[in-house]
Amino acid sequence: MSFEVRTISEAEFGDWQRARRVGFLRPPVVPDEEIADRLPHTDLSRTFGVFDRGRVVATFQSYGQRVSTVGGADLAADAVTGVTVSPTHRRRGLLGRMMEADLAAAKERGDACATLIAAEYPIYGRFGFGVASWTTVWAVDVTRAGFDRHRPGPGAGAGDEGGRIDLSDGAEIRKLGPDLHRRVAARRAGVTDRTARGWDIGTGNAYTPDPWTEPFYAVYRSESGEAEGFVAYTADDKWSDAKQPVNTASVRDLLAVTPAAERALWRYVCSIDWIQRVKSGNRAPDDMLPLLLPDPRAAQVLTHADMLWLRVLDVAKVFEPRTYATEGALVLDVRDAAGFAGGRYLLEAGPEGASVTATAAPADLVLDVADLAPLAFGDESVVRLVALGRIEEAAAGAAARADLLLRTSLRPWSMDIF
């Protein structure tokens with residue numbers, strides 16, 4: 001059977017949205033308000049559909065994104081989202097046809113990489129994507145955490161004296177948030193950018209198809225009065241039969257640009273009256289939260305899973321902008337069935353910068369393009385990947401040398417689903 005794969009027109013946007021909802025098992029009804037809200041912010045030239053006798057049976061969308069790399073520079077990325085195939089048309093190669101067209105266009109534009117958040121793990125490796133960051137969600141039993149609940153705020157721990165926490169609102173967060181977010185991205189790889197529209201949606205200042213619950217906001221300010229972080233959280237309203245509060249605070253967002261701010265904001269959330277449990281939201285796996293608690297066992301891991309998937313399109317554009325703590329050189333033989341990033345490359349790097357050039361020198365490491373993803377932001381051990389059989393160590397000791405060069409002191413953090 002022949003299917004038509006192409007970008008959609010404005011008139012087809014409503015049908016495309018309905019097909020997208022079907023794929024994500026959402027009710028297949030799209031309010032006119034949602035179409036009117038989304039359409040002006042949709043690049044139809046990057047919105048693909050597969051048509052079967054005029055009906056949209058698969059969806060795919062991308063947009064321009066910036067993602068931080070090690071050292072604070074950012075990369076131009078092709079962010080892939082809205083990927084669905086209707087249950088009547090699975091296993092017919094429709095995703096592959098849309099992905100091929102989109103990645104080819106991204107390569108032509110000069111994007112360094114493509115990114116996505118995968119609903120299912122096994123899907124995207126065959127297109128050259130690999131996991132670049134992981135996420136962890138904790139639930140903290142605050143009755144066991146060990147904080148002195150009589151001293152809940154700044155000043156309760158060393159190094160935080162002089163700061164303060166103020167309650168805030170969405171309007172102030174829309175003003176303070178973008179700068180704080182950029183400063184966090186300068187410290188952590190894997191942070192995807194947030195647009196003004198993203199901040200509006202995240203603070204309830206834009207249309208959302210789902211009911212909006214206004215969160216509580218709190219801002220941490222240093223002794224000088226500078227905003228250094230904020231937290232947004234919601235709370236339920238549950239009481240036991242013994243008339244005791246058993247409420248949970250769910251953190252939607254917590255950004256901090258200094259350790260003092262981060263410590264103070266976590267202490268604040270874990271010390272609110274009536275709150276017995278705190279859900280952390282998506283955090284980096286090496287977040288300070290568990291070890292910040294006097295009793296780290298009070299933090300239970302609810303989720304530990306892959307987060308940002310990365311598809312390298314240009315090896316030089318991904319590995320040259322990042323920083324390296326030590327000097328070293330590696331010859332990487334990259335295999336890429338799609339032909340976007342394959343080749344043999346000499347990476348020469350150090351604290352003063354890096355260069356990536358084509359070379360005919362013998363390879364140190366041989367790997368599939370998908371396995372560049374966990375190395376790009378320094379999150380994974382090459383020694384481990386060699387042991388797993390995912391990377392071939394062509395030169396003795398190359399894996400250990402690669403770890404010294406590529407791994408970072410902070411793991412990447414991708415906080416947002418897109």
For this session: Considering every residue within region 249-271, establish whether at least one is over 24 Å from G162 (Cβ atoms), free of Cβ contacts under 8 Å to residues at least 40 places away in the same chain, among the β-branched types (V, I, T) and out of contact with any Pro (no Cβ under 6 Å at 6 or more places or on another chain).
Result: yes
Seminar exercise, completed: Counted residues in region 372-418 being under 16 Å from R322 (Cα atoms) and either assigned to a helix (DSSP H, G or I) or in contact with an Asp or Glu (Cβ under 7 Å, 6 or more places away or on another chain) (or both) come to 13
Exercise. How many residues does region 105-129 hold that are closer than 14 Å to A79 by Cα, in contact (Cβ under 8 Å) with a residue 60 or more places away in the chain and of a type in the set (G, A, S)?
Worked result: 5
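Per-residue answers, yes or no, for (1) under 26 Å from Q300 (Cα atoms); (2) in contact with a strand residue (DSSP E or B) (Cβ under 6 Å, 6 or more places away or on another chain):
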| residue | (1), (2) |
| --- | --- |
| P178 | no, no |
| T208 | no, no |
| E214 | no, no |
| D241 | yes, no |
| S250 | yes, yes |
| V269 | yes, yes |
For this session: Go over the candidates R97, R109, R66 one by one and state the one that is modelled with pLDDT of 95 or more, over 23 Å from T192 (Cα atoms) and open to solvent by 40 Å² or more (accessible area, probe 1.4 Å).
Result: R97
For this session: Check A358, A349, A396 and return the single one that is modelled with pLDDT of 95 or more and either touching a His at 6+ places or on another chain (Cβ under 6 Å) or open to solvent by less than 40 Å² (accessible area, probe 1.4 Å) (or both).
Result: A349
Exercise. Would you pick out the residues in region 19-34 that are buried (at least 16 other Cβ atoms within 10 Å of the Cβ) and over 11 Å from S86 (Cα atoms)?
Worked result: V30, E34
Exercise. Only one residue in A189, A235 is of a type in the set (A, V, I, L, M), over 15 Å from E172 (Cβ atoms) and in contact (Cβ under 8 Å) with a residue 60 or more places away in the chain. Which one?
Worked result: A189
Exercise. Taking region 135-163 as the search range and keeping residues that are closer than 26 Å to T248 by Cβ and open to solvent by 70 Å² or more (accessible area, probe 1.4 Å), which one is modelled with the lowest pLDDT?
Worked result: R151
Problem set entry | Selection count where residues are small (G, A, S) and over 18 Å from G146 (Cα atoms), scope region 271-318 | 4
Exercise. Out of the residues in region 1-18 that are touching a residue at least 40 places away in the same chain (Cβ under 8 Å) and part of a helix (DSSP H, G or I), which is farthest from T84 (Cα to Cα)?
Worked result: E12
Problem set entry | Subset tally (residues that are surrounded by 21 or more Cβ atoms within 10 Å (Cβ to Cβ) and aromatic (F, W, Y)) for region 112-126 | 1
Exercise. Are any of the residues in region 229-243 hydrophobic (A, V, I, L, M, F, W, C), open to solvent by 60 Å² or more (accessible area, probe 1.4 Å) and either in a strand (DSSP E or B) or closer than 30 Å to R20 by Cβ (or both)?
Worked result: yes
Exercise. Would you pick out the residues in region 314-344 that are part of a strand (DSSP E or B) and open to solvent by less than 40 Å² (accessible area, probe 1.4 Å)?
Worked result: G328, L330, V331, L332, D333, V334, G343
Problem set entry | Cβ-Cβ under 9 Å pairs, at least 6 apart or on other chains, region 24-38 side farther than 21 Å from I117 by Cβ and free of Cβ contacts under 8 Å to residues at least 40 places away in the same chain, far side of a type in the set (A, V, I, L, M, F, W, C) and part of a helix (DSSP H, G or I) | P28/A19; P28/V22; I35/F13
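The values are calculated or read from the model by the stated rules, or taken from the named source; none is laboratory data. These numbers were taken from a predicted model, which means no experiment stands behind them. All Cβ positions, even for glycine, are placed from backbone atoms using ideal geometry, and neighbour counts span all protein chains on display. Each accessible area value is taken on the protein alone, full model and side chains, heavy atoms only, with ligands, DNA and RNA left out. Shrake-Rupley method; radii C 1.70, N 1.55, O 1.52, S 1.80 Å.
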